[in-house]
1. Do you know which of the residues in region 1-42 that are in contact with a Gly (Cβ under 8 Å, 6 or more places away or on another chain) and outside any helix (DSSP H, G or I) is surrounded by the most Cβ atoms within 10 Å (Cβ to Cβ)?
2. Is there a residue in region 14-25 that is acidic (Asp, Glu), out of contact with any His (no Cβ under 8 Å at 6 or more places or on another chain) and at pLDDT below 90?
3. In contact (Cβ under 8 Å) with a residue 12 or more places away in the chain, β-branched (Val, Ile, Thr), on the phi < 0 side of the Ramachandran plot and part of a helix (DSSP H, G or I): does that describe Ile98?
4. Scanning region 72-105 for residues that are among the small types (Gly, Ala, Ser) and at pLDDT below 90, which turns out surrounded by the most Cβ atoms within 10 Å (Cβ to Cβ)?
5. Restricting to region 111-129, name every residue that is in a loop (DSSP other than H, G, I, E, B) and either surrounded by 11 or more Cβ atoms within 10 Å (Cβ to Cβ) or among the charged types (D, E, K, R) (or both).
6. Under 9 Å between Cβ atoms, at least 6 apart or on separate chains: pull out the pairs that start in region 7-22 with a residue that is under 20 Å from Arg87 (Cβ atoms) and touching a residue at least 40 places away in the same chain (Cβ under 8 Å) and end on any residue that is among the aliphatic types (A, V, I, L, M) and in a loop (DSSP other than H, G, I, E, B).
7. For the structure I just gave you, tell me whether Ala54 is within 19 Å of Pro4 (Cβ to Cβ), surrounded by 13 or more Cβ atoms within 10 Å (Cβ to Cβ) and touching a residue at least 40 places away in the same chain (Cβ under 8 Å).
8. Restricting to region 59-95, and then to whatever is polar (S, T, N, Q), without any contact (Cβ under 8 Å) to a residue 40 or more places away in the chain and assigned to a helix (DSSP H, G or I), can you tell me which residue is farthest from His11 (Cα to Cα)?
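The values are calculated or read from the model by the stated rules, or taken from the named source; none is laboratory data. What you see is a predicted model; the values in this text were computed from it and never measured. Using ideal geometry, Cβ is built from the backbone for each residue, glycine included, and neighbour counts are taken over all protein chains shown.
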Amino acid sequence: MSEPIVFISHHRVKPGKAEELKPLIAEIWSAMKTEKPRTLMNLAYVNEEGTEVAFMHAFADIEAMQLHWQGADERAQQAYEYIEPIRFEIYGAAGEQIVGGMRAEAAGGGATLTLWSEFVGGFLRLAPG
């Protein structure tokens, strides 16, 4: 049985870059909405102070997450002009390729990675019932 995977990343916004970051997110995620149809959720939130941003992604299965990850290096390179990683969280069994890549990304950027690998239960509703 396929299990859902959720990926959350938290980043520090570089000083004076919060307002420049917002249109970049809109641009990148508009393209991803079309190019990544198996990504179930792609959300971004900036804290009240404008100093941190959180990105949340949800996938129905590992294959959807792998498809989403294609091109991630280029997207991250663009974003890292505006943000610095603080921590990453992966909920679900994302596979060694993705986990290994995220371990390296965390270590290289001074961030942490937390794994919540055992899916216990729940549901993701795609439309109100």
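1. Per the stated criteria, the residue is Ile5.
2. Restricting attention to region 14-25, the residues satisfying the condition of being acidic (Asp, Glu) are 19-20.
Subset that is out of contact with any His (no Cβ under 8 Å at 6 or more places or on another chain): 19-20.
Pick out the ones that are also at pLDDT below 90 and you get 19.
Yes, region 14-25 contains at least one residue that is acidic (Asp, Glu), out of contact with any His (no Cβ under 8 Å at 6 or more places or on another chain) and at pLDDT below 90.
3. Answer is yes for this residue.
4. Residue satisfying both the conditions and the ranking: Ala79.
5. Ala111, Ser117, Glu118, Phe119, Leu124, Arg125, listed by residue number.
6. Final answer for the pair search is Phe7/Ala94; Ser9/Ala111; His10/Ala111; His11/Ala111.
7. Yes.
8. The first filter runs over region 59-95 and keeps only residues polar (S, T, N, Q), leaving 66, 70, 77-78.
Next cut, without any contact (Cβ under 8 Å) to a residue 40 or more places away in the chain only: 66, 70, 77.
After this cut, where a residue has to be assigned to a helix (DSSP H, G or I) as well, the list is 66, 77.
On the way: Gln66: 22, Gln77: 14 Å.
Looking at the filtered set, the residue picked out is Gln66.
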